[in-house]
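Structure first, then comments.
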Amino acid sequence: MKTKSILFAIALMGSMTCSLAQDVTILHMKDGTTRRFTNGSKETTSIRFYEYEPETDTPHFTMTHDTGYQSTWDVNQVWTIDGKFVVGLAWQSDIPDNFHARHGVCLGTKPGMTVDNCDYKTYATDLDEYRYPGCHYMVIGEKWEKYMDIPINMANKKTYIYIDDENSNRLIIPLELGQTYYYRTFAECQVERNGQKETTVMYSTERSFRVPRLMADFGYANPAKFSDEAVDAFAKHFPEDVTPPTWEQMKSLWNQWLLTEEAKQIDLSPYIASESFDDGMGYHITHIPDEFYTWMINREIVIDPMDGIFEVSTYDNYETMSAEPSVKPLWVSDVDASWGVPNNRYVRFEPQRTTMNHSVTYRSDEVVAGVPYDVIIVFAPETVDSSQIPTKINVNANAVGSQSSQQLASKLEIPANETTTIQLANDYRITSMGMDLTIMTSVSTREFILNKFNRIMRIADIRLIPRP
């Protein structure tokens, strides 16, 4: 009988425990509030404690600009599109699904960003959870290119978020040069407080990036360059039928002119403006003296065949399936002074393919648009072998980048036994800065076979003399 009573007491106690478990679970919070949870069908309540921690992976991007200047951005990616800066942000979040979080970015030009005091607030469309679990991104800027990608670390491994939808996750604003922007990513979450649902915002660490203000973007340089207004005013010196030169086209000449005694007598300081930029102190010249133009149009231009920039003609080699030079240059120096060769040196161009004519094109970026020139070319005698066979040449000229050329000479015979100077007094003028001068052999197959002419050119000197 005693044994039965003990069993009944144990059974009754178990029944009472079961009855209590079917009621509620009460959680006493540190702030004095309580939370009540109705138990589920399994007679238990599962409670998970979650504490939001901002991401610790600091984004970083180093950009090298056209000028060589490097800038550091606390973002994941930076692009320049049509001269405009665009940044890409990417981040991860482990906020549980039952928070129903909306992720986004708040941005402004002052620190202390919140969703309430920012200049811009935008939400990010959720990504594919299978490919990018917990990942989000935002592109900020007024320009866009499809198929961009943003790097992000997932499971401590670098991967990329590929963007192919031009309408999603964009904050379309111009990023101003020289402006510092502050931003925070955030998550608006639905939580329960005192038995009521409300929205709370969880923020990342605040970060910032500066859009660099570089001297090149404002027409400044170090050393100084011409301002756009100065170049426009200087254009009045040139005839209407030519294209006035740009600063880049005049830069070399300007630096040469500054070394002349005439330039040293001119006080340029009233025409030099300065300003501070992210890449240093920049300067520009607001007025170009008339004396510079006078010097430009009256100077003799020398193209040194030994040191000048040249290109040679090519032919299609069907064995190697490539274009190969049709002529091989040989630099010949220490020519006997008795020959009268300028500087006692010349460049010998011998054809690699004797069955065809070939050409060499010399370039000078200092030939001034609109100025008439006499073209003088000096050919050296043959000093490498005993051949005394002459050649015949044509001479063509055109402005750099132009497909339209002008013939300055045709079928001129150049002997091999003496130094020969030809003067092409054609008053040749180009319509934009810079000239390509092409010298080519003009020997027929019959003339070559009969050894009346060969296709070897020996160029010693090229000069362009402006005509009054």
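The values are calculated or read from the model by the stated rules, or taken from the named source; none is laboratory data. Note that the structure is predicted; figures quoted are calculated from it, not measured. Note: ideal-geometry Cβ built from the backbone for every residue, glycine included; neighbour counts use all protein chains shown. What goes into the accessible areas is simple: the full protein's heavy atoms, side chains included, and nothing from ligands, DNA or RNA. Shrake-Rupley method; radii C 1.70, N 1.55, O 1.52, S 1.80 Å.
Miscellaneous remarks
- Residue in the stretch 408-415 that is modelled with pLDDT of 95 or more, open to solvent by 10 Å² or more (accessible area, probe 1.4 Å) and touching a Phe, Trp or Tyr at 6+ places or on another chain (Cβ under 7 Å) present: no
- Set His103, His136: member being without any contact (Cβ under 8 Å) to a residue 60 or more places away in the chain, open to solvent by less than 60 Å² (accessible area, probe 1.4 Å) and within 18 Å of Pro54 (Cβ to Cβ): His136
- Screening Thr114, Thr62, Thr67 for residues that are within 30 Å of Asn156 (Cα to Cα), modelled with pLDDT of 70 or more, in a loop (DSSP other than H, G, I, E, B) and of a type in the set (Ser, Thr, Tyr) leaves exactly one candidate, Thr114.
- Unique match (being farther than 27 Å from Asn298 by Cβ, outside any loop (DSSP other than H, G, I, E, B) and touching a residue at least 60 places away in the same chain (Cβ under 8 Å)) among Ile393, Ile376: Ile393
- The one condition from (1) in a loop (DSSP other than H, G, I, E, B); (2) touching a residue at least 60 places away in the same chain (Cβ under 8 Å); (3) farther than 19 Å from Ile172 by Cβ that Trp144 does not meet is (3).
- Residue count, the stretch 142-176 (criterion: surrounded by 15 or more Cβ atoms within 10 Å (Cβ to Cβ) and either more than 21 Å from Pro59 (Cα to Cα) or under 19 Å from the mean Cα position of the chain (by Cα) (or both)): 7
- For the stretch 346-373, taking the residues that are assigned to a strand (DSSP E or B), open to solvent by 20 Å² or more (accessible area, probe 1.4 Å) and of a type in the set (D, E, K, R), the one that is farthest from Lys328 (Cα to Cα) is identified as Arg363.
- If you go through the stretch 307-345 and keep only what is touching a residue at least 24 places away in the same chain (Cβ under 8 Å), part of a loop (DSSP other than H, G, I, E, B) and either within 33 Å of the chain's Cα centre (by Cα) or at positive phi (or both), you end up with Gly308, Ser313, Gly340.
- Of all the residues in the stretch 430-468, those that are over 15 Å from Leu412 (Cβ atoms), assigned to a strand (DSSP E or B) and within 37 Å of the chain's Cα centre (by Cα) number 4.
- Some residue of the stretch 256-279 being of a type in the set (Phe, Trp, Tyr), open to solvent by 30 Å² or more (accessible area, probe 1.4 Å), touching a Lys or Arg at 6+ places or on another chain (Cβ under 8 Å) and not in a helix (DSSP H, G or I): no
- Count of the stretch 198-228 residues which are assigned to a loop (DSSP other than H, G, I, E, B), open to solvent by 40 Å² or more (accessible area, probe 1.4 Å) and within 30 Å of His100 (Cα to Cα): 2
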